Amino acid sequence: MELLIKKGIYSCVKWLLLLISLTAGLSAAASENMPDNFYRVTPELYRSAQPNHLQMQSLDRIGIRSVLNLRQWHSDADEAKGTGLILYRVPMNAAAINDDDVVIALSFLHRAAKPALVHCWHGSDRTGMIVALYQLLFSHATKSEVLSELRRPEYGYHQQFYPDIARYIAAINVEELRARVLSLSAGKL
């Protein structure tokens with residue numbers, strides 16, 4: 001009996017070590033080919049920091065179809081050259097949230113070919129806000145759920161610098177925002 005238990009433990013440890021080594025290899029490969037702060041939010045929505053040219057190629061290879069860039073002073077045109085990615089850009093300032101910019105970004109994201117990636121410089125603040133609002137509108141998540149996700153440490157939300165992002169999400173009228181986004185997505189002003 002004792003021999004069977006030892007064999008079982010040895011077998012479990014062997015498989016665990018194999019799994020850890022495989023996972024470590026995949027993580028290292030993914031981090032080299034994908035942008036920093038890269039996460040799958042839903043099967044149709046991803047988020048990240050600014051991708052470089054090689055990372056844009058990797059995004060294209062894994063099937064990302066659209067990229068929404070929220071950076072103020074940077075286009076993705078050079079980085080995305082030679083890919084089939086559809087690019088959208090809505091320059092946003094994390095310290096001064098503009099309702100119209102939010103509606104435009106969410107409208108682009110709503111009608112974009114999926115799966116889509118949202119990014120800003122670090123993939124933390126502006127990206128976190130748009131992802132949270134998108135989930136409120138189209139994944140029917142609650143404010144509590146999206147605010148909790150926004151604050152997850154791995155995403156890097158800088159609440160001490162941009163507290164208005166969480167306040168904006170908490171105060172938003174979801175139905176009004178959804179109506180504006182859907183109206184713009186339908187081509188109405």
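When the Cα positions of A113, S48, S124 are compared along the charge dipole of region 25-148, A113 comes out farthest toward the positive end, with charges on each C-beta of Lys, Arg, Asp and Glu.
Each Lys and Arg adds +1 at its Cβ and each Asp and Glu adds -1 at its Cβ; summed about the Cα centre, region 78-163 shows a dipole of about 180 debye.
Amide H to amide H distances under 5 Å link L45 with A116, where only residues 5 or more positions off or on other chains count and H is placed in the peptide plane.
Counting Lys and Arg as +1 and Asp and Glu as -1, what is the net charge of the other residues whose Cβ lies under 11 Å from the Cβ of Y39? Walk me through the numbers on the way to the answer.
Numbers: positive: R40, R47, R152; negative: D36, E149, E154.
The answer is 0.
Placing +1 on each Lys and Arg Cβ and -1 on each Asp and Glu Cβ, with no other charges, gives region 36-185 a dipole about its Cα centre of roughly 260 debye.
Rule-based calculations on the coordinates, nothing more; no lab input. The structure displayed is predicted, hence computed values, not measured ones. Neighbour counts are summed over all protein chains in view; Cβ atoms, including those assigned to glycine, are modelled from backbone coordinates with ideal geometry.
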